[in-house]
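None of the figures in this text is laboratory data; all of them are computed from the coordinates on show. Quick caveat: nothing in here was measured; it's all calculated off a predicted structure. A quick note on method: Cβ atoms are made from the backbone with ideal geometry, for glycine too, and the neighbour counts reach across all protein chains shown.
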Amino acid sequence: MENRQVALITGCSTGIGFDTALLLARQGFWVFATMRDLKKAGPLRQAARGLTLEILPLDVDKPASVQKAAASLLKKTGRIDVLVNNAGWGAFGALEEFSDEEIRAQYETNVFGLMRVTRAVLPAMRAQKSGRIIHIGSLAGKMTFAGIGLYCSTKYAVEAITESLRLEVRPFNIQVSVVEPGQINTRFKANRHKAKTFIKKGSAYQDVMNQVLNYGNQQSAKAPGPENVAGTILKALQAHRMAVRYPAGFDAEWFPVIRWFLPDVVYDLLLRWMYRRFQRRGQ
């Protein structure tokens, strides 16, 4: 085990975390795959037979859980070479209709949780004077869309955290990057936490939000699977010097480029046209 790089990955019960944990283990990493609920560990445990992969409980929302998982890992390995901050979820609904509690919950996992795990591993990385941290961002951290504005705001925060942290930890030979998936065919959208007002069908935007939701789910069903994102993560880890960001998928790579060159007035007209289509369908 001494020669294996140690990787800690959050949110591994399904999707991107699941595939990344298996891919890194097959590539020779000593993987510690974590998840909030170990009752969901069966599929990963089955798929990981014969691999150097261990499963730990870790709830990024709970400081004690994060500290316990990090301490357990370091006691066993004495080091940590890679952190993949993957745990997260998406809120859906009109921005004005989220309660303070719902807004805090979205930020608790996607932003505070990400920083909580990062802070738990950085002392060990600084001491060993090496390490790589990859945050899972999103195309939604570069472009904002109706219905997912709250989620987008957390991914914009991840972009800022990545750039700042990358500069701050560079003297310790620690590299930081963000991987930005576009549309991915996983359970992520099906598992989105919808605003309570929307669930109760009391939203002022109910019809159009239904159309936006259905459209997004249809696009995801036609998209590549999470293995594409796992491959992008591996590519980043194999680079001599990690880039700041790695788009994962055609849309994640090209949509922000197109947006960059469009004047705001043109882009706004395009979004208004799209939104009106949803409004007409909802009538």
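Computed quantities for the displayed model
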{"quantity": "Volume per residue of the C-alpha convex hull in region 98-257, rounded to whole Å³", "calculated": "118 Å³"}
{"quantity": "Candidates V111, V178, V208, ranked by Gaussian network fluctuation over the chain, Cα under 10 Å, top entry", "calculated": "V208"}
{"quantity": "Computed E for E96/F145 - FRET, C-beta separation, R0 25 angstrom, nearest 0.05", "calculated": "0.95"}
{"quantity": "Between region 38-112 and region 154-205, the Cα center-to-center distance that results, in Å", "calculated": "13 Å"}
{"quantity": "Cα-based helix-to-principal-axis angle, 206-221 vs the chain, degrees rounded to 10", "calculated": "50 degrees"}
{"quantity": "Linear extension gain, K76 paired with N3, 0.36 nm per residue minus alpha-carbon span", "calculated": "24.9 nm"}
{"quantity": "Overall dimensions of the chain by Cα: Rg and Dmax, Å", "calculated": "19.3, 63"}
{"quantity": "Relative exposure of D268, D100, D251, judged by other C-beta atoms within 10 Å (fewest first)", "calculated": "D100, D268, D251"}
{"quantity": "Between region 223-268 and region 118-142, the alpha-carbon center distance in angstrom", "calculated": "19 Å"}
{"quantity": "Nearest-ten-degree value, helix 227-238 long axis tilted from longest Cα axis of the chain", "calculated": "50 degrees"}
{"quantity": "Taking K76, K222 and counting other C-beta atoms within 10 Å, the order from fewest to most", "calculated": "K222, K76"}
{"quantity": "Angle between the chain longest axis and helix 114-128 axis [Cα atoms, degrees, rounded to 10]", "calculated": "30 degrees"}
